[in-house]
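Below is one structure; the comments refer to it alone.
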Amino acid sequence: MVFVMRPLETSPKLLGEKLRTLRRSQAVSLEMLEKMTRVRKCYLEALEWGRYDELPDPMYTRNYLRSYSRALKADETYFLELYEEESGRVDLLSPHRLPRERVNKRKFFVATKAMSALVLASFALCVIAYLGYQANRLLAAPNITLLNPQDSSAVSSALLPVSGFVTDKEVQVKINGKDVVVRDDDSFATTLDLSNGLNVITVEAKRRYSHTATILRRVVLDQTEVQPVSLR
């Protein structure tokens with residue numbers, strides 16, 4: 001029988017090289033290791049030669065590596081750490097069998113930071129929108145409806161009733177610059193003394209910080225008495 005002497009790798013660096021060195025140093029063949037670990041020989045060879053594309057998913061590969069280490073009484077944690085380091089660069093995924101890059105923690109941190117900034121920005125926009133809505137609501141002129149008189153109307157009595165209502169609370173109403181009381185049912189009423197000819201009636205409604213709502217009515221007072229015409 002001819003024995004072939006194989007030189008052991010000096011200073012092995014990769015996981016596969018260290019596994020081969022360990023196995024050969026104990027004079028264990030792959031066939032023997034297959035029986036000891038119950039791991040198929042093709043997978044043992046793939047581990048020793050770094051052919052990760054021939055190995056199953058990482059979960060199974062780690063179990064194979066544990067069995068390999070225990071069979072040769074080696075430190076399985078050490079070899080698993082080596083596998084993690086190398087698989088982070090060349091671990092292959094099914095079904096495409098394309099290399100998977102190790103997760104870059106810095107990229108993950110940047111993405112997380114960007115997501116947090118996006119959430120904060122969205123929250124800030126919501127707060128600004130809400131404050132803007134409240135400010136517009138506070139500054140908006142109150143709603144007022146004037147029931148009497150009608151615009152461009154003519155009357156013959158100098159005493160003109162003016163009435164209407166508001167739809168907002170705490171509204172101050174002025175008619176021709178004078179305050180008018182708003183009742184509990186949000187209505188108001190007063191009587192004006194008109195001058196002969198064209199009268200412009202100005203009705204104003206305002207809350208404490210709001211703009212002023214203004215309604216104008218033009219009323220003509222005509223008190224000319226029509227002389228009866230005698231027919232002969």
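The values are calculated or read from the model by the stated rules, or taken from the named source; none is laboratory data. None of the values given here were measured: they were computed from a predicted structure. Counting neighbours? That spans all protein chains shown, and the Cβs are built from the backbone with ideal geometry, glycine included.
Miscellaneous remarks
- ARG38 satisfies every condition listed in (1) exposed (fewer than 13 other Cβ atoms within 10 Å of the Cβ); (2) free of Cβ contacts under 8 Å to residues at least 24 places away in the same chain except (2).
- Elements of the type strands (runs of 3 or more DSSP E) sitting completely within the stretch 122-232 and holding at least 3 residues that are within 52 Å of the chain's Cα centre (by Cα): these cover 144-148, 159-166, 172-175, 178-180, 187-193, 197-206, 213-221.
Residue by residue, here is whether (1) exposed (fewer than 11 other Cβ atoms within 10 Å of the Cβ); (2) among the hydrophobic types (A, V, I, L, M, F, W, C); (3) at positive phi holds:
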{"position": "ILE128", "(1), (2), (3)": "yes, yes, no"}
{"position": "ARG137", "(1), (2), (3)": "yes, no, no"}
{"position": "SER157", "(1), (2), (3)": "yes, no, no"}
{"position": "ASP168", "(1), (2), (3)": "no, no, no"}
{"position": "GLY177", "(1), (2), (3)": "yes, no, yes"}
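- When ARG62 is tested against the conditions (1) surrounded by fewer than 19 Cβ atoms within 10 Å (Cβ to Cβ); (2) more than 17 Å from SER87 (Cα to Cα), the lone failure is (2).
- Count - residues of the stretch 218-232 that are out of contact with any Leu (no Cβ under 7 Å at 6 or more places or on another chain) and modelled with pLDDT of 90 or more: 0
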